[in-house]
1. So what is the relative contact order for the chain, in percent, with contacts set as C-alpha pairs under 8 Å and at least six apart?
2. For labels at Ala194 and Ser115 in the simple 7 Å Cα→Cβ model, what's the distance in nm?
3. Ratio to report: Rg/Rh of the stretch 17-91, with Cα atoms as the point set and Rh obtained by the Kirkwood method; give two decimals.
4. Grab the Cα-Cα distance for Glu145 and Phe15, subtract it from 0.36 nm times how many residues apart they are, and report the gain in nm with one decimal.
5. Between Arg74 and Glu94, what length in nm is gained on full extension when 0.36 nm per residue of separation is reduced by their alpha carbon distance?
6. Out of Gly157, Leu59, Gly13, whose Cα points farthest toward the positive end of the dipole of the chain (charges: +1 Lys, Arg; -1 Asp, Glu; placed on Cβ)?
7. Go through the stretch 41-70 and name the trypsin sites (Lys or Arg not before Pro) that are in a DSSP coil and have 13 or fewer other Cβ atoms within 10 Å of their Cβ.
8. What percent of all Cα-Cα pairs in the chain falls into each 10 Å bin, going from 0 up to the bin containing the maximum distance?
Amino acid sequence: MEKVKHNVGRSYGQFCGVSRALDIVGDRWNLLIVRELLASPMRFNQLVASLRGIATNLLAERLRTLEAVGIVERRLGDVGVVYTLTPWGAGLREPIEALARWGAPLMMRGRDGDSFQPRWLAVALPALLRGVTAKPSIELGFEIEGSLTVLRVDRDGPRVVQDHCQPGAILTAAPEIVLGLAAGALTIDQALAASSLQGDLQILRKVFPLARVTATAVPDPR
């Protein structure tokens with residue numbers, strides 16, 4: 001296996017995979033930058049807009065660090081320089097999806113004024129719907145705050161797609177409704193009472209098999 005440069009300013013100084021991983025990605029904002037790039041490559045200004053609250057100089061510093069250790073790379077695209085994940089950086093999808101599943105109970109308290117970007121569903125939905133498959137494939141759209149996100153489920157599982165397709169159903173809902181369905185904390189009836197659906201109801205049932213007649217109890221982390 002190729003050695004990865006342990007090029008960080010601070011280290012826990014422990015010969016442990018968890019410790020060395022945190023040496024690299026444990027600083028504030030690092031994993032959220034990776035979350036953004038798991039959805040798609042982005043320009044610097046796009047990252048600033050999506051990561052509300054991060055200072056531009058801190059984002060530049062974090063990107064330089066992630067680039068130096070081999071997680072992020074810069075590429076010249078049609079619209080200028082974009083940041084994207086290296087193959088090694090893309091390997092963070094699995095632990096980030098695991099964190100999304102682990103953090104699902106924290107989402108059930110609602111937004112509490114927190115910001116939300118529909119593009120984050122590209123990580124959250126495949127994480128929460130792991131193991132859901134369909135043959136033939138089905139597509140469900142989510143209309144959230146004026147933005148359409150399309151989830152495709154096939155025999156390989158769920159993923160958010162970028163191509164302009166016409167999904168068989170579109171759910172117009174608040175993000176907490178969509179995430180509650182995916183986590184199994186809401187039934188489909190409960191979700192539809194607070195949202196609207198255009199198209200085939202059976203697609204909704206196939207995408208959210210955990211949303212049964214009785215919702216799964218979600219532990220209160222407080």
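Only the coordinates and a few stated rules stand behind these numbers; no lab work does. If you're wondering where the values come from, they're calculated on a predicted model, not measured in any experiment. All Cβ positions, even for glycine, are placed from backbone atoms using ideal geometry, and neighbour counts span all protein chains on display.
1. On the way: 325 pairs, mean separation 31.9, N = 222.
Relative contact order of the chain: 14 percent.
2. With each label point 7 Å from Cα toward Cβ, the separation is 2.4 nm.
3. Working: Rg = 11.8 Å, Rh = 12.4 Å.
Taking Rh as the inverse mean 1/r over Cα pairs, Rg/Rh reads 0.94.
4. Details: separation 130, 0.36 × 130 = 46.80 nm, distance 4.58 nm.
Working it through step by step, the gained length comes to 42.2 nm.
5. Working: separation 20, 0.36 × 20 = 7.20 nm, distance 2.25 nm.
Computed gain between Arg74 and Glu94 is 5.0 nm.
6. Gly13
7. Values: sites: Arg43, Arg52, Arg62, Arg64; in loops: Arg43, Arg52.
Sites meeting the loop and neighbour criteria: Arg52.
8. Per 10 Å bin, starting at zero, the Cα-Cα P(r) for the chain comes out as 7, 30, 32, 22, 8, 1 percent.
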